[in-house]
Amino acid sequence: MGLTGEWTEALEALVRFLDKYDKERRFSFKGGLALEFERLREEFRDSFVEWVVGNEIGEAYSWVKVLTGQVKRVKQALMVEGVTFPKELSSFLKDPREHLKKKIFLYTLDLLRGRIKLAEFVRTSSAAIKTSLRTNMRSVYQSWVFLSLLEHLAKNGARLIYPEYGYLSLERTGKQKLGAIPPNSVLSIEGVGYVSFFIEAPRPVGWEDSKDLKRVWKLYVALRPDMLVYAGKVLDIVRPFRDPPIERPNLIIECKELVDWYQRVRDLKGTLAKPLSAEEWRSRWIQGLYDGLADVLGVKRQEAINLVKERKTVRVKEDRLVALYRSLYKPDVMVLVSRAKVPCDVRRNLEEHGIEVLDDVGFNKDSLKPLADVVIDVVSKQPRKELDVYVEAKLLLEEVLKRGESLEVEDLDRVLALAVRFARAKLDDFVGFLARRDGRE
């Protein structure tokens, strides 16, 4: 696309204003000049965003409206106070256009100060806008799938038991600093059992400074399914001595919002792109990864190993990456949810790898009822699991630290001891709490 359009005219008007009133580019206006500068700057950013994404911005507002409506329905269905999203997505949901404009704020100042040329501004700013839009649209659709699934489960008698403060949380910020990977939500399904959901959970945790674990997690970050689902009350999936180092999921749900998602190519970077030490080669976790790569690429294990050693990155099509998730994590069931229709050959390839395909879903939540049936079936086949009290102590400590950063309490055993002492001091209240909890569960 050529460097023409309303945005170039808006830029010229902004530059003329600055040349007249702010030759040194300090941007420290007052009164009417400040208002005029803000107006010209916003006209430029508005028109540039429009030039880069065009009609896609209208689609973004439409998707946000659908997700907002689903938030209201799931709040009513599960009787929760609200739904919290990651900071980035939350900003996008408030106003997609304003969010995208934020992505070029510093680039705009650098351009006006002459620190970067116009061509560099166009290249970097366009990339930032497109990446942000694509990432957030993916998050919007994934969030809609998750919340719609929860609404279906609520109709089957499900209720939220974690978090206990009455908010659904779709974010992970700060949740893993204590070395645990907690769930986003745990539901109790009447007559069936408990189910725990982890959204984009495999990622570095608090103890990543350990050399061995740091190597594991760098590799692990590159392989992050959209949702891991476990039968039972599972409050931590970290299993550092297993290969891979998490609890094996009962179900994986992968969401695809793009019409042509299967034509997209993903680069597997991180540890895959680096020479592996002798210690790493001996790890069954690494060997399992190469077995998975060999399977989805249709080659022998040694060919997959040589491919990684010879290249700085391995490029894998999205449908092959989905198959790699299945091969590596070995869930009982894996389901791919696609907003658009999936071609027969792609569907056949996925099904050959043991992946169920739910396609042409669009934003029709009724199309997700089969997914709810899969969740109920998976949960009903598993023995019920009880809570790990030590894991609960980790989560309690996390909440304590959030509410009182100055508190010098960082030892889990100390938290448990203090919790017991508090319960003994408030024995009548504690007995009443147990009675209410028994009545509820």
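For region 325-368, how many residues are in contact (Cβ under 8 Å) with a residue 40 or more places away in the chain and touching a His at 6+ places or on another chain (Cβ under 9 Å)?
Residues meeting the conditions: 4.
Collect the residues in region 74-119 that are under 22 Å from Pro163 (Cα atoms) and among the aliphatic types (A, V, I, L, M), keeping them in residue-number order.
Val74, Ala77, Leu78, Met79, Val80, Val83, Leu89
Of the conditions (1) among the aliphatic types (A, V, I, L, M); (2) touching a Phe, Trp or Tyr at 6+ places or on another chain (Cβ under 8 Å); (3) surrounded by fewer than 18 Cβ atoms within 10 Å (Cβ to Cβ), Leu118 fails just one. Which one is it?
(2)
List the helices (runs of 4 or more DSSP H) inside region 1-114, counting only whole elements, that have at least 2 residues being over 21 Å from Arg138 (Cα atoms), in contact (Cβ under 8 Å) with a residue 60 or more places away in the chain and not aromatic (Phe, Trp, Tyr).
6-21, 31-53, 56-78, 105-112
Of the residues Leu321, Leu289, only one is in a helix (DSSP H, G or I), modelled with pLDDT under 70, farther than 30 Å from Arg73 by Cβ and in contact with a helix residue (DSSP H, G or I) (Cβ under 8 Å, 6 or more places away or on another chain); which?
Step by step, each of Leu321, Leu289 is checked, and only Leu289 is in a helix (DSSP H, G or I), modelled with pLDDT under 70, farther than 30 Å from Arg73 by Cβ and in contact with a helix residue (DSSP H, G or I) (Cβ under 8 Å, 6 or more places away or on another chain).
Given (1) at pLDDT 70 or above; (2) surrounded by fewer than 17 Cβ atoms within 10 Å (Cβ to Cβ); (3) in contact with a helix residue (DSSP H, G or I) (Cβ under 9 Å, 6 or more places away or on another chain), where does Arg242 come up short, assuming only one miss?
Going through (1) at pLDDT 70 or above; (2) surrounded by fewer than 17 Cβ atoms within 10 Å (Cβ to Cβ); (3) in contact with a helix residue (DSSP H, G or I) (Cβ under 9 Å, 6 or more places away or on another chain) one by one, Arg242 breaks only (1).
For region 333-368, give me each residue that is part of a helix (DSSP H, G or I) and either among the hydroxyl-bearing types (Ser, Thr, Tyr) or surrounded by 15 or more Cβ atoms within 10 Å (Cβ to Cβ) (or both).
Answer for region 333-368, where residues must be part of a helix (DSSP H, G or I) and either among the hydroxyl-bearing types (Ser, Thr, Tyr) or surrounded by 15 or more Cβ atoms within 10 Å (Cβ to Cβ) (or both): Val346, Arg347, Asn349, Leu350, Lys365, Ser367, Leu368.
Just a yes or no: is a residue in region 229-237 out of contact with any helix residue (DSSP H, G or I) (no Cβ under 6 Å at 6 or more places or on another chain), assigned to a strand (DSSP E or B) and at pLDDT 85 or above?
Yes, some residue in region 229-237 is out of contact with any helix residue (DSSP H, G or I) (no Cβ under 6 Å at 6 or more places or on another chain), assigned to a strand (DSSP E or B) and at pLDDT 85 or above.
Can you go through Ser169, Ser126, Ser188, Ser143 and tell me which one is within 26 Å of Tyr230 (Cα to Cα), modelled with pLDDT of 95 or more and small (Gly, Ala, Ser)?
Result of the check over Ser169, Ser126, Ser188, Ser143: Ser143.
The values are calculated or read from the model by the stated rules, or taken from the named source; none is laboratory data. Here the structure is a predicted model, which is why all the values come from computation and not from measurement. Glycine gets a Cβ as well: all are built from the backbone with ideal geometry, and neighbour counts include every protein chain shown.
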